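Only one structure is covered here, and it is reproduced in the block below.
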Amino acid sequence: MAVWRGPDGILIEPIVLEQRPCLRVTQDVNGRRYLLGYCTSVKQVARHVDLADLVEVIPLRAHRSAL
């Protein structure tokens, strides 16, 4: 599933909470992560961050070089 990052350390992750899908919005401040909220819609996420500022985090595979 996709994870998104925004300005000022905002992180949005899809999770399942009480058997329902939602988006966890957190913010990293000085090395600590603070919960801003659990959102059930994108409209709720927009209360915490401008959606246009979000970028998707794409995990890259490690490249194995031939020996």
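Just so you know, all these numbers are worked out from the coordinates, no wet-lab data involved. This is a predicted model, so every value here is computed, not measured. Virtual Cβ from ideal backbone geometry, glycine too; neighbours counted across all protein chains shown.
Per DSSP H run of n ≥ 4, the term is -39500 (n - 2.57); total these for the chain, divide by its residue number, and report the mean residue ellipticity at 222 nm rounded to 500 deg cm²/dmol.
After summing the helix terms and dividing by residue count, I get -1000 deg cm²/dmol.
Only loop residues by DSSP count here, and only those with at most 10 other Cβ atoms within 10 Å; note down the chymotrypsin sites (Phe, Trp or Tyr not before Pro) in the chain that meet that.
Those that pass, being in a loop and sparsely packed, number zero.
Take the chain, mark every one of the trypsin sites (Lys or Arg not before Pro) that falls in a DSSP loop and has at most 16 other Cβ within 10 Å, then report the longest stretch left between them, sites excluded.
My reading of the result: 1-46 is the longest stretch.
Give the label of the value calculated from the structure for P(r) over Cα pairs in 10 Å bins from 0, in percent, choosing from (1) 15, 18, 17, 15, 12, 10, 7, 5, 1; (2) 19, 47, 21, 9, 4, 0; (3) 22, 59, 18, 1.
(2)
If I stretch the segment between Arg24 and Arg5 completely, what's the gain in nm (0.36 nm per residue apart, minus their alpha carbon distance), one decimal?
Here the answer is 5.7 nm.
For Leu60 paired with Tyr34, estimate the spin-label separation in nm (one decimal), with each label point 7 Å from Cα along the Cα-to-Cβ line.
Going from the Leu60 label point to the Tyr34 one covers 3.2 nm.
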